Amino acid sequence: MASGASLLAAVLGLVIASAPVTRSWSTEGHMLTCQIAQGLLEPAAAHAVKNLLPEEAGGDLSALCVWPDQVRHWYKYQWTSPLHFIDTPDNACSFVYSRDCHDPSGSKDMCVAGAIANFTSQLMHYKQGSADRKYNLTEALLFLSHFMGDVHQPMHVGFTSDQGGNAVNLRWFKHKSNLHHVWDREIILTTLAENYGKDMDAFRKDLEHNITKGTWSDDMSSWKDCTDLTSCPTKYATESIDLACKWGYNSVHEGDTLSDDYFGSRLPIVTQRIAQGGVRLAMFLNRVFGKHKRDAAAPLHLAADDEL
Ligand SMILES: [Zn+2]
């Protein structure tokens with residue numbers, strides 16, 4: 001446990017030290033999702049999150065939301081690398097848990113939907129937890145928070161042969177990029193530069209306003225609708241591959257140049273997915289740490305595919 005704690009502290013130092021440096025979209029997207037979620041936590045969940053976060057995070061979940069990306073290539077955490085995405089059959093435009101949720105060697109449940117269920121299940125032990133479990137649950141919180149962002153990024157549930165668009169090389173306006181990175185990074189960096197003067201807080205406030213009073217205020221309850229925390233990640237992944245087919249891959253070819261038309265039509269989807277990820281992460285954490293006896297009484301587990 002002590003080594004886990006010091007490892008986390010070391011990574012935390014790295015994350016904080018690198019904070020002023022220009023960040024990738026994936027970092028910004030994860031931070032926004034976690035900031036939105038933390039703002040929607042009820043008192044019990046807010047207390048549990050602050051209790052689980054390392055002191056150095058200063059109570060800010062978003063400071064460590066990108067941690068799973070930082071460690072995925074470290075030897076100790078290499079097993080988590082397949083948990084960030086789902087490869088689905090080319091052009092199937094569907095996600096079937098029993099068919100698609102596995103790592104390259106075929107190990108079941110090793111995908112982002114399985115990971116969300118797994119780490120949610122671990123966090124269910126918080127209420128009975130003892131101090132020596134604290135750092136496992138800290139990691140579970142960071143993984144759950146990160147993967148809830150990943151599952152909402154449409155191209156994280158993409159086609160197998162092009163690795164979710166990573167192998168579709170193209171240009172974003174004038175510079176080289178690829179289809180996956182357009183959705184991970186380029187669209188958000190472009191809107192930050194063009195619409196928000198590169199001010200992340202202004203962008204976040206705009207998203208939060210649209211959730212509570214604006215564009216999405218009528219959608220909040222349907223976004224949060226989830227009768228079974230184990231099966232809802234499958235719904236989110238299904239939404240993502242559907243969006244990936246309709247808006248990500250559609251009409252895009254290797255060597256294309258994507259610019260104003262693609263940016264303008266896809267930006268509303270990117271912003272909605274960030275907001276949905278935040279709202280749903282808050283819903284998960286409120287139910288895991290709150291007083292919903294139904295969830296607490298039935299700890300989740302990764303079992304037969306049909307149950308998820
Ligand atoms: Zn990730």
Partner lysines for residue 291 [C-alpha distance under 23 Å; skip if fewer than 8 residues away on the same chain]: 50, 127, 134, 224
Residues residue 128 and residue 267, FRET efficiency given R0 of 30 Å [Cβ-Cβ distance, rounded to 0.05]: 0.10
Dipole axis of the range 72-163 (+1 Lys, Arg; -1 Asp, Glu on Cβ), positive-most option in 84, 146, 111: 146
Evaluated over the range 26-307, the Cα radius of gyration and Dmax, each in Å: 18.2, 55
For the range 35-157, size of Cβ-based charge dipole, Lys and Arg +1, Asp and Glu -1, in debye: 300 debye
Those lysines that a straight Cα-Cα span of less than 30 Å connects to residue 176, excepting residues fewer than 8 apart in one chain: 198, 246
Stretch gain in nm, segment residue 91-residue 231, where the contour uses 0.36 nm per residue and the Cα spacing is subtracted: 48.0 nm
Simple spin-label estimate for residue 254 and residue 200 in nanometres, 7 Å along Cα-Cβ: 3.6 nm
Net charge over other residues, Cβ less than 13 angstrom from the Cβ of residue 162 (K, R count +1; D, E count -1): -3
Relative contact order (%) - criterion: Cα under 8 Å, at least six apart; region: the range 94-224: 11 percent
log10 of Debye I(q)/I(0), alpha-carbon scatterers only, for the range 127-199 at 0.12, 0.15, 0.27 Å⁻¹: -0.52, -0.69, -1.14
Net length gained if the chain between residue 55 and residue 105 were fully extended (0.36 nm per residue, minus Cα distance): 14.2 nm
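All of the numbers you see were taken from the coordinates with simple rules; none came from a lab. Everything quoted here is computed from the prediction, not taken from an experiment. As a convention, Cβ positions derive from the backbone with ideal geometry for all residues, glycine included, and neighbour counts pool all protein chains shown.
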